[in-house]
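Please read the structure below before turning to the comments.
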Amino acid sequence: MAIPTRDAAAGIARSLKVLTDPTRVQLLGMVVDSPGGRALVGQLATALGLSQPTVSHHMRVMVEEGLLEREQDGRVAWYSVTPGRQADVTEVLRARRGAPPIPLAPAVLERITEDLAMRFRGVFSVETIDRYVRESYALLAERARITRYLPSLTSRFAGERLSALATVENLVTDETPEVLFVCVQNAGRSQMASAILRSLAGDRVRVRTAGSEPAELVNPLVINVLDEVGIPIAGEYPKPLTDEVVRAADYVITMGCGDACPVYPGRRYLDWDLADPVGLPLDGVRAVRDDITRRVRDLLTEIEMSAARVNGS
């Protein structure tokens, strides 16, 4: 293997120093994974829960180092990997994504367990809650490769799973219909469907999502096209498919994930043939959004008619 010159070695060292910041590595990965290999600061900021000035600062540092290039298009600026640096970026991201997750301190997991034990007091034992907390952490960190906000997402994911388990075991009397949307990455179609249904139904329907092979982040273009029509999605995150959320659902809607979802009797299963937003241009993602909106409206009508028949009204 050829030995790099001193100037080349110095350049490599600078790039590595730039990418020691985990937020920059995450932003770089999102740019690479974005449709067309380019992204906007606003989309990145929304997806990561950061301010636009913070994201702009990190992007400017990577532009100055030559990892990214900035292209002005009217009033917006697109960022993409600089031609000739794709191989370097790919190697950095491969190494980063292959690294083991940073373990949470035992005290953090114990605190999450204690908090959820108060929420589910009289429903589940502390031992059951502790098991779900530790399993949920492992699923998010190892399977979904989530690193940012891992403690809070572990708490939320474990709470959602325990809530579903309570429904399955008839430990709660809430008769609110439950809908589960499942796609491959839980970063596009299922997230759009759940956000639209929540917006239309409010508290009349309980909505969950999952992915057979969850991604790290919700697709920024999905967040963007939902925002265009006034539908919020803040705080959502890709999560693995688990057994209890399927068993708790009255309606299971799959989208391109094949037979990954187990089938249980007594549930309404639908498979929606939808284009995957990954790789689509903005107008293509909008078309998927509009298709899902029509389907969700029909689903909500079906749910309401079924509830009316059950209630005899």
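Can we say Val310 is open to solvent by less than 20 Å² (accessible area, probe 1.4 Å), out of contact with any Lys or Arg (no Cβ under 8 Å at 6 or more places or on another chain) and part of a helix (DSSP H, G or I)? Spelling it out, it is not the case that Val310 is open to solvent by less than 20 Å² (accessible area, probe 1.4 Å), out of contact with any Lys or Arg (no Cβ under 8 Å at 6 or more places or on another chain) and part of a helix (DSSP H, G or I).
In this structure, does Pro232 turn out to be modelled with pLDDT of 90 or more and assigned to a loop (DSSP other than H, G, I, E, B)? It is false that Pro232 is modelled with pLDDT of 90 or more and assigned to a loop (DSSP other than H, G, I, E, B). In the range 82-105, the residues that are more than 20 Å from Leu139 (Cα to Cα) and aromatic (Phe, Trp, Tyr) never reach a residue that is at pLDDT 70 or above and surrounded by 10 or more Cβ atoms within 10 Å (Cβ to Cβ) with C-beta atoms less than 7 angstrom apart, at least six apart or across chains. If the condition is being of a type in the set (Gly, Ala, Ser) and either within 14 Å of Asn186 (Cα to Cα) or not in a helix (DSSP H, G or I) (or both), then the range 138-158 contributes only Ala144. Condition check for Thr242 on (1) more than 28 Å from Gly49 (Cα to Cα); (2) polar (S, T, N, Q); (3) touching a residue at least 24 places away in the same chain (Cβ under 8 Å): one failure, at (1).
Glu71 meets the conditions (1) open to solvent by 80 Å² or more (accessible area, probe 1.4 Å); (2) modelled with pLDDT under 85 in every case but one. The failed one is (2). Selection of the range 199-239 for residues being open to solvent by 20 Å² or more (accessible area, probe 1.4 Å), in contact with a Lys or Arg (Cβ under 8 Å, 6 or more places away or on another chain), in contact (Cβ under 8 Å) with a residue 60 or more places away in the chain and closer than 17 Å to Arg289 by Cβ yields Leu200, Val229.
Each residue in the range 196-229 was checked for being polar (S, T, N, Q), under 14 Å from Phe181 (Cα atoms) and in a helix (DSSP H, G or I), and 0 pass. Within the range 238-266, can you find the residues that are part of a loop (DSSP other than H, G, I, E, B), at pLDDT 90 or above and not aliphatic (A, V, I, L, M)? Pro238, Lys239, Thr242, Asp250, listed by residue number. Mind listing just one residue for me: the one in the range 267-303 that is open to solvent by 30 Å² or more (accessible area, probe 1.4 Å) and in a loop (DSSP other than H, G, I, E, B) and, of those, farthest from Val225 (Cα to Cα)? Within the range 267-303, the match that is farthest from Val225 (Cα to Cα) is Arg267. Taking the condition of being open to solvent by less than 80 Å² (accessible area, probe 1.4 Å) and touching a helix residue (DSSP H, G or I) at 6+ places or on another chain (Cβ under 8 Å), how many residues in the range 136-150 meet it? Residues in the range 136-150 being open to solvent by less than 80 Å² (accessible area, probe 1.4 Å) and touching a helix residue (DSSP H, G or I) at 6+ places or on another chain (Cβ under 8 Å): 8 in total. Within this structure, Phe157 fails the test of being of a type in the set (Phe, Trp, Tyr), in contact (Cβ under 8 Å) with a residue 12 or more places away in the chain and within 22 Å of Ile292 (Cβ to Cβ). Ala195 satisfies every condition listed in (1) open to solvent by 10 Å² or more (accessible area, probe 1.4 Å); (2) farther than 25 Å from Glu142 by Cα; (3) in contact (Cβ under 8 Å) with a residue 12 or more places away in the chain except (1).
The values are calculated or read from the model by the stated rules, or taken from the named source; none is laboratory data. The model shown is predicted, which means the values in this text are computed figures rather than measured ones. Methodologically, a virtual Cβ is constructed for each residue, glycine included, from the backbone with ideal geometry; neighbour enumeration extends over all protein chains shown. To get the accessible areas, we keep the full protein, side chains included, count just its heavy atoms, and leave off ligands, DNA and RNA. Shrake-Rupley method; radii C 1.70, N 1.55, O 1.52, S 1.80 Å.
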